[in-house]
Structure formats: C-alpha cells, structure tokens
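Enquirer: Before we start, here is the structure in question, set down as structure tokens.
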Amino acid sequence: MDKMGKSLVVSSVKGGVGKTVTVLNLAGICELLNKKTLIIDFDIYTGNVALTLNTRFISNMYNLTQDIANNNYKKLSDYVVKYDNFIDILPAPKDPRASLKINLAYIETIIDLAKSCYDIVLIDTTHILNELNIRLFDKTDKIVLLMENDPQDVKNMKALTKVLNSSNSKKYEIMLNNSTNPHKHYFSEFDLETIINHKINYTISNKFFIKNIDDFIMNGEIVTLNKRMSNLFNKEFTQYTNLILNLMDVKEGDK
Ligand SMILES: Nc1ncnc2c1ncn2[C@@H]1O[C@H](COP(=O)(O)OP(=O)(O)OP(=O)(O)O)[C@@H](O)[C@H]1O
Ligand SMILES: [Mg+2]
C-alpha cells in the first residue's frame, strides 16, 4: 500500500545559514526514529546533498521530470541514490544546463510521489524567493525557516513573515540557528520574536558550532548519526526530534 508521508521544506532569507546541514541532521534524526526518509535537493543549480554524503549517482531530478513528461516514469527508486537503509536522496543535476530544463510544473507531482514511498520527505532549497520556492512552500506540509541572530537576516525575515502570515501562517516555523555564526547574538530572543512577529519555535545554540564539521563532510557522515555527538548535544538533538515529531503530527486539514 502507498505510504502517506509528511513533507518538510527547509529554507531561509539569507544564504549560508545552515539549511543543508540542518536537512542532513534532520534526516539522521528520522533514521533514529526508524522512518524511511527521502532528501530532495531542490537547490537545483548549486545543490550538493548527494556529493556531501559521498554518494555516487547518475540519475537525478532532471531525468525524473523528463520521464514523467514523456510517460516513461515507472518508479521513484529508479532516480534516487541510497545513503543507508533509511535515507535516500533525489539529487539535483550536476550540470546546471539540465537544471535550467527542469519543468517546474512537476514539483507537486514529485512531492506526491515521494510522500507515497517514504515516511518523511525533507527538502533542501536556496534562500531565493523564486517560483520554485513559493511552490514548495505551498505544497509541503511544513516550512522551517532558518535564521541567524544577525540584523540583516532579521530585517529580511520580518518582510517574509509578513507575507507568510497572510498566506501560509499555520504551517511555517522559525529555527534560530546560532551554530553557524556562534559569535552573533545581536538581539535577545524576546526582541527577535517581537520584530518578526512570530514565535521562535526551535533554537540551536552556539554550543553546537562543530569545529571539525569539515571532517564530517569529507567522510560523508551525518552529525546526528554519530553516537559521541548525540551524548554531547542532547539538547540540540531534542530540538530536531521535536521538529520531526511535530511534522508527523500535521493533519491534512491543518494546511
Ligand atoms: N553546526 C555547525 N557547526 C559548524 N559549522 C557549521 C554548522 N552548520 C553548518 N556549518 C557550516 O556553515 C556553512 C553553511 O552551512 P550550509 O551549507 O548548511 O548552509 P546553507 O544555508 O545550506 O547554505 P546555502 O544557502 O549556500 O545553500 C557550511 O560551511 C557548513 O559546513
Ligand atoms: Mg545549502
């Protein structure tokens, strides 16, 4: 029988705030919860989830959209690459010319197909508010916006929350990520919430700044699947786990 999984898009208003690392960390948490998980790399021009995890792939999202368009699609597993027994990846194309040719009309179909095969679908994006991201925001079950404690980021986030409050108000959540830029703490959390007019649903502390993160990336290792890290960063792992449990709780009517 088809599954009816849940989808989550991770985005931001500024680049480099930790979206990709967060998506990978969340995938690790899904695995710890025994959930079959697909990461979709919708950062279609510069996405590197599959490479970051040291997986080798040939088929990618472009081939999938082409085959759907030409009635050659058979099954999603023909296009994904396996990371381990729980986590698969639908990669972005390696060649940006192929990315240019991805027909955005199939975004919704891709997410529906993914939800029918996996418990959890995690979507990595860029920070650009283009047609692709807006369609992803509309289609997915939950949106998590990552933000640093940085005046420029906060000002832009205020503008976005204003838009979302009038459209997707129920389903977006804010994650304050202090781990990418551990010395930035311009505002208090209370001030941040007042400025952006939204609760900060999850906070990742600056203690989670991982000095040797590059070793994890070189080894294609997910931080949350490392036993030593789970002992050291119990608080952060709990935040990620709560996020996934909240996602699993979303009812179709909540959207
Ligand atoms: N917890 C952490 N500790 C240390 N460095 C981190 C942490 N999380 C992310 N980084 C580093 O911060 C940088 C940005 O992270 P990441 O690539 O996940 O951000 P992004 O929002 O996906 O960026 P982009 O907008 O370019 O896609 C990377 O070099 C990453 O290795
Ligand atoms: Mg990224």
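Enquirer: Would you list, by chain and number, the aspartates and glutamates whose Cα falls below 17 Å from the Cα of Lys3, excluding same-chain residues fewer than 8 positions away?
Expert: Of all the aspartates and glutamates, those that pass the test against Lys3 - Cα under 17 Å, at least 8 places apart if same chain - are Glu31, Asp88, Glu108, Asp112, Asp119, Asp141, Asp249, Glu252.
Enquirer: Out of residues 5 or more away from Ile40 or on other chains, whose amide H comes under 5 Å of its own, with H placed 1.01 Å from N in the peptide plane?
Expert: Residues meeting the amide H criterion: Leu90, Leu122, Ile123, Asp124.
Enquirer: Once amide H atoms are placed 1.01 Å from N in the peptide plane, what residues at a sequence separation of 5 or more from Lys6, or on another chain, have their amide H within under 5 Å of its amide H?
Expert: Ile120, Val121
Enquirer: So what are the ³J(HN,Hα) numbers for region 103-120, from phi and the Karplus equation (6.51, -1.76, 1.60; θ = phi - 60°), rounded to whole Hz, Gly and Pro as x?
Expert: Each residue's phi maps through the Karplus curve to give 7, 5, 5, 9, 4, 5, 4, 4, 5, 4, 4, 4, 5, 7, 10, 10, 6, 10 Hz.
Enquirer: Could you tell me how many degrees, from 0 to 90 and to the nearest 10, lie between the Cα long axis of helix 234-249 and the main elongation axis, the longest principal axis, of the Cα atoms of the chain?
Expert: That helix lies at roughly 50 degrees to the long axis.
Enquirer: Of the beta bridges DSSP finds with both residues in region 6-250, what % are antiparallel, to the nearest 5?
Expert: 5
Enquirer: Which whole-Hz couplings ³J(HN,Hα) result when phi for each residue of region 182-194 is put into the Karplus expression 6.51 cos²θ - 1.76 cosθ + 1.60, θ = phi - 60°, listed in order with x for Gly and Pro?
Expert: x, 9, 8, 8, 5, 10, 6, 5, 4, 4, 4, 5, 5
Enquirer: Can I ask one more? Fewest to most neighbouring Cβ within 10 Å: what's the order for Tyr62, Tyr118?
Expert: Ordered by Cβ neighbours within 10 Å, fewest first: Tyr62, Tyr118.
Enquirer: OK, next. Select from region 47-141 those trypsin sites (Lys or Arg not before Pro) which occupy a DSSP coil region and have at most 10 other Cβ atoms within 10 Å, ordered by residue number.
Expert: Answer by residue number: Arg56, Lys74, Lys75.
Laboratory data are not the source of any read-out in this text; all were calculated from the coordinates shown. In this text, all values refer to a predicted model and were calculated from it rather than measured experimentally. We place every Cβ from the backbone using ideal geometry, glycine too, and count neighbours over all the protein chains shown.
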